[in-house]
1. By how many nm would the segment from Asp81 to Asp211 lengthen if fully extended, with 0.36 nm per residue of separation less the alpha-carbon distance?
2. What part of the accessible area of the chain, given as a whole %, is carbon or sulfur when the probe is 1.4 angstrom?
3. Once the other residues with Cβ under 14 Å from the Cβ of Asn152 are scored (Lys, Arg +1; Asp, Glu -1), what is the net sum?
4. What accessible area per residue, rounded to a whole number of Å², is obtained for the chain using a probe radius of 1.4 Å?
5. Let a ≥ b ≥ c be the square roots of the eigenvalues of the Cα gyration tensor of segment 13-246; is it rounded (a/c under 1.5), or, if not, prolate (a/b larger than b/c) or oblate?
6. Read phi for every residue in segment 19-34 and hand back ³J(HN,Hα) as whole Hz from Karplus 6.51 cos²θ - 1.76 cosθ + 1.60, θ = phi - 60°, with x for Gly and Pro.
7. Based on the Cβ-Cβ distance from Glu46 to Asn181, what FRET efficiency comes out when R0 is 51 Å, to the nearest 0.05?
8. Sequence gap of 8 or more, or different chains, plus Cα separation below 22 Å: how many lysine pairs satisfy both in the chain?
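The values are calculated or read from the model by the stated rules, or taken from the named source; none is laboratory data. Computed from a prediction, not measured in an experiment: that's the story for all the values here. With ideal geometry, Cβ positions are generated from the backbone for all residues, glycine too; neighbour counts draw on all protein chains shown. The accessibility values were calculated without ligands, DNA or RNA, using every heavy atom of the protein model including side chains. Shrake-Rupley method; radii C 1.70, N 1.55, O 1.52, S 1.80 Å.
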Amino acid sequence: MKADLPRGTSLDLEDKRASFDKDGFVKFAGLVENAQELREHILAIEAAEPQVDGPWLYFESSGKDASPLINRIENFADHDDVLGDCVRSSLMADIAAQLLGEPVCLFKEKINLKLPGGGGFELHQDQQAGWSRYASLFVTALIAIDAADTSNGCLEVFPGLHKDGLLGPEGSPLPISAVGNRAPIPVELSPGDVLFFDSYAPHASKPNLSDRPRRAMYLTYNRLRDGDHREDYYLHKWDTYPPDIARRKDRTYAYRV
Ligand SMILES: O=C(O)CCC(=O)C(=O)O
Ligand SMILES: [Fe+2]
């Protein structure tokens with residue numbers, strides 16, 4: 001299988017695959033040409049009133065002034081044509097397939113906004129989020145929408161631990177001892193850069209204390225032979241961690257990982 005890369009993109013997938021295999025993540029610079037257009041469509045969703053039958057919107061409390069801040073958009077592929085085309089683009093799936101060495105299918109899509117004042121993410125492996133009920137391995141393409149660096153809370157990944165299985169129980173962040181004395185690699189990205197990472201690669205990120213947003217789209221794939229679980233995943237998530245608009249007052253909802 002050959003990835004259908006945009007004109008002018010030159011890369012050696014063998015090298016990329018070797019890095020992914022060694023570290024558990026690999027960056028592709030300038031892979032997505034319409035990051036600016038994607039950002040405009042994300043901004044429109046941010047500005048719109050949440051709807052029960054629309055994209056799923058999640059909110060946090062700003063670390064600056066405790067005001068409500070949108071922090072995540074999920075399950076949007078069928079609610080916006082431009083974002084949907086990106087989610088369904090064969091380019092990301094083809095590269096994910098090259099990295100895993102076999103065909104893949106989409107598991108889920110989300111956008112983490114991390115606006116100024118947005119919180120960080122504790123150390124975890126995505127596989128700890130209860131995904132093992134669906135498949136034993138996933139690869140995620142993180143598409144940078146805004147520039148990400150250490151001052152606005154870029155992703156920080158610990159290399160070389162993705163073949164060690166789960167490093168802690170499902171549902172809880174990892175203690176720093178889980179990564180030994182390793183140092184994380186902060187992955188700085190420009191809009192349109194894409195980071196592919198393994199669901200067992202431990203990662204974290206800091207809060208956004210800057211005045212620049214750090215939006216990132218995450219497309220997660222599993223091996224095709226493990227089945228298409230996207231619909232089941234979102235049905236289960238609607239029960240266990242629905243968007244804010246669908247939450248019941250008599251229930252508490254816990255973010256897993
Ligand atoms: O967006 C980030 O900074 C990290 C998000 C993350 O690790 C996740 O959503 O699983
Ligand atoms: Fe994660």
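1. Additional length available on full extension: 43.8 nm.
2. 50
3. Overall, the nearby charge balance is +1.
4. Computed with neighbouring chains in place, this is 46 Å² per residue.
5. rounded
6. So the Karplus estimates, Gly and Pro as x, are 5, 4, 5, 6, 9, x, 7, 7, 9, 10, 7, x, 7, 9, 7, 10 Hz.
7. After rounding, the FRET efficiency stands at 0.80.
8. Lysine pairs meeting the criterion: 19.
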